[in-house]
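Here is the structure we will look at, set down as structure tokens.
The numbers here are math on the coordinates, done by the rules we state, and not lab data. Computed from a predicted structure; not experimentally measured. We place every Cβ from the backbone using ideal geometry, glycine too, and count neighbours over all the protein chains shown.
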Amino acid sequence: MCDDCSCTATGEVSEEHMLEHLEGVLEEYRGKPGALIPVLQTAQTMFGYLPDKALRRIAAALNKPFSEVAGVVGFYSFFSTVPRGKYLVRVCLGTACYVRGGKQVLDAVKKNLGIDVGETTPDRLFSIGVGRCFGACGLAPVIMVNDEVHQRVKPARINELLNGYRSKEHADGEAKK
């Protein structure tokens, strides 16, 4: 446990502590026009997703109906109300990527991770999403892992690509010990 916060025994910050921190963010934005999206972005960065408790606090603090806040979250694909993995693997299914094997790449990612689009692995390491165009059509098929673009991806190389992130996670975990 930390001396100055309510961290769990594993070193993770508790949801209650994050909700307290969210109150400070809300105080900063209260009464400002156009505050909803920046507050939602900040909250999602803090929690890793947008839990119901946070959405209700945001709605109350910004004097907006919960339905409006939930509607904004549902409209923008950037926002998520379910926990996402550390690595968001998004496969492009735009025309060029689709024609050049994007669907087969997506199938390989799903098979490798054992989850479907919109789901997160039990260890919260990976989530799968799709995109319609990443602006790299000449390099199709393309996937993005967080902000990192991988081009000319072959289904047979998905295991190798994802293992790179698994190895990175393992190395980061060893470095923390």
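Listing for the model above:
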read-out	value
Over 22 Å (Cα to Cα) - which of Lys53/Lys110; Lys53/Lys111; Lys103/Lys154; Lys103/Lys168 fall in this group	Lys53/Lys110; Lys53/Lys111; Lys103/Lys168
Qualifying trypsin sites (Lys or Arg not before Pro) in the range 59-147, DSSP loop, other Cβ atoms within 10 Å at most 15	Arg124, Arg132
Among Pro83, Gly24, Met144 - extreme Cα towards positive end, dipole of the chain, charges at beta-carbon	Met144
Antiparallel content of DSSP bridges confined to the chain, in %, to 5	55
Computed magnitude of the charge dipole of the range 87-176 (debye, nearest 20; Cβ of K, R +1, Cβ of D, E -1)	360
Prolate/oblate/rounded call for the chain, Cα gyration tensor, a/c under 1.5 rounded	oblate
Taking Phe75, Phe134 and counting other C-beta atoms within 10 Å, the order from fewest to most	Phe75, Phe134
Sorted by Cβ density within 10 Å, fewest first, the residues Leu125, Leu55	Leu125, Leu55
Kyte-Doolittle mean at least 0.0, axial Cα span of 15 Å or more - DSSP H helices of the chain	36-47
Amide proton proximity set for Gly131, modelled H, under 5 Å, gap of 5+	Val91, Cys92, Leu93
Nearest-20 debye value, the range 15-75 charge dipole, Cβ charges on Lys, Arg, Asp, Glu	240
Order of Ile37, Ile115, Ile143 under a 10 Å beta carbon neighbour criterion, fewest first	Ile37, Ile115, Ile143
